[in-house]
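First up is the structure itself, then whatever we jot down about it.
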Amino acid sequence: MRILQLTSDWKWTGPAEPMLHALTGLRARGHEVDAAFPQTPPGHAGGLPERARERGVTPAFELAPGRGYRPLSDHGEVVRLRRFLRERRYDVVHATHARAQLLARFALGRRRTETRLVSGWTHGEPIPPRFWNRWLYGPSGCDGVAVLTERLALETRRLTGCPVGVVSGVVDTERFAPRPRRSELRESLGLKPDQRVIGLVARLQPHRRVELILESLARALRGTPDLRLLVVGRGTRARQVLDEPVRKLGLDHAVIRAGYLSGDEYLDVLAQLDALVYLVPGSDGSCRAALEAMAMGIPAIASRRGALPELLAETALFCDEEPGTLAAALRSVAVDPLTWRERSTAARQRALAHFTIASYAARCEALYTRLRSA
């Protein structure tokens, strides 16, 4: 098949990496796959184009950046994209983000009899039942919808009547693999060998419920003083979300701030963790940080939000978003290490069984094939 992976967002947001993994995996399966995305605007760096170049991917078509579809200002983009699609004659266009889907929908026009348009719903919650969404994700707006879980597939079929495929999440299990803990790094972080470390990997925003995690940690420390919380991430509101609550609760000794990390440094810090706490998914409903930890054999303490129950399944300890319950879950990492070692093994096994690049590409391929033969 000839396939185009299309997104209208230049940022390195949650859905960007799965798109690149799909491209890599589908090429390995013998398909001809291109990518289309905007360039990073001047004054910015570290976006999708830079990450794509690192992997040897250059866009076959460059969209103009924009937020939301605007019929008048985007008319020229529709015309440009129409010319490109007529020339390339793709079998499938897989669009991520609503603007990309609309640009492709209007660019393809009647050619949808030859080219199937797939819309990616990358959130962990069901598509809101609004008239606009019924059109956008229904047969008038696309030929099929790619979702993360069986629950979402059921809800999407009920809402739209459109064919739906479960593509689930994806992680590079070769890069994210268990690795030895570097003792010098542990020492530089102020961690002692016998301390149990729980990680929080997230953009520091108010909706991520960091204050609840800190309040629960304060309770857990009363019985298990050797627990530590290692925070990996940044955010413009980090002082409000993290620093001030830590000071207010007297947790300076128990909370380690690693900041934003990338590359091997990120992997080495993750390797220090005994568990991950993950309550609120961000822009990527497939919960990339939780899958990366899973692939490294780091099990999660998780809420039941979005796709988390189906993605993490038996590898995680699920709990209510309430201080007492969460404190007990945090405490269990210290008092029941055998169970957490068993969860660690199960996490790695589940990542290898369900979330490799190869299995993700196979699920995408199955959806595309079904739509092509319909």
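The values are calculated or read from the model by the stated rules, or taken from the named source; none is laboratory data. Only a predicted model underlies this, so the values are computations on that prediction, with no experimental measurement involved. Methodologically, a virtual Cβ is constructed for each residue, glycine included, from the backbone with ideal geometry; neighbour enumeration extends over all protein chains shown. For the accessible areas, the whole protein counts, side chains as well, though only heavy atoms, and no ligand, DNA or RNA atoms are used. Shrake-Rupley method; radii C 1.70, N 1.55, O 1.52, S 1.80 Å.
Summary table
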quantity: Separation in nanometres of the label points that stand 7 Å from Cα toward Cβ, at GLU87 and GLU125; calculated: 4.1
quantity: Binned Cα-Cα distances of the chain, short to long, each 10 Å bin given as a whole percent; calculated: 5, 23, 31, 23, 13, 5, 0
quantity: For region 115-219, the fraction of alpha-carbon pairs in successive 5 Å shells from zero, as %; calculated: 2, 10, 14, 12, 10, 12, 11, 9, 7, 6, 5, 1
quantity: Dipole magnitude (debye, nearest 20) for region 215-374, charges at Cβ of Lys, Arg, Asp, Glu; calculated: 280
quantity: Most mobile of ASP252, ASP226, ASP34 in a GNM of the chain (Cα contacts under 10 Å); calculated: ASP252
quantity: Listed residues VAL171, THR160, ALA146: farthest to the positive end of the dipole of region 67-177 (Cβ charges); calculated: THR160
quantity: Region 252-337, dipole about Cα centre (Lys/Arg Cβ +1, Asp/Glu Cβ -1), debye to the nearest 20; calculated: 140
quantity: Region 303-370: C-alpha gyration tensor shape, a/c 1.5 cut-off, then a/b vs b/c; calculated: oblate
quantity: Estimated 222 nm signal from helices in the chain, with DSSP H stretches of n ≥ 4 weighted -39500 (n - 2.57), rounded to 500; calculated: -12500 deg cm²/dmol
quantity: Average projection area in nm² (convex hull over Cα atoms of region 11-128, one quarter of hull surface); calculated: 8.4
quantity: Gain in span if fully extended, THR339 to ARG234, counting 0.36 nm per residue against the direct Cα distance; calculated: 34.7 nm
quantity: Computed lengthening from TRP12 to THR369, 0.36 nm per intervening residue step minus Cα-Cα distance; calculated: 125.7 nm
quantity: Overall dimensions of region 178-278 as given by Cα atoms, namely Rg and Dmax in Å; calculated: 13.0, 36
quantity: Full-extension gain in nm, SER283 to ARG247, via 0.36 nm per residue minus C-alpha separation; calculated: 10.1 nm
quantity: Dipole magnitude (debye, nearest 20) for the chain, charges at Cβ of Lys, Arg, Asp, Glu; calculated: 1120
quantity: Heavy-atom SASA rank of SER283, SER303 (probe 1.4 Å, accessible area, largest first); calculated: SER283, SER303
quantity: Three-way shape label, region 25-73, alpha-carbon gyration tensor, a/c 1.5; calculated: oblate
quantity: Cα gyration tensor, region 224-340 - rounded (a/c under 1.5), prolate or oblate; calculated: rounded
quantity: Cα-Cα pairs of region 60-193 separated by more than 25 Å (percent); calculated: 42
quantity: Stokes-Einstein translational diffusion, region 124-182 - Kirkwood Rh over all Cα pairs, 1.567 mPa s, 4 °C, in µm²/s; calculated: 99
quantity: Loop-exposed GluC sites (Glu not before Pro) per DSSP, neighbour cap 15 Cβ within 10 angstrom, longest uninterrupted part of the chain; calculated: 175-320
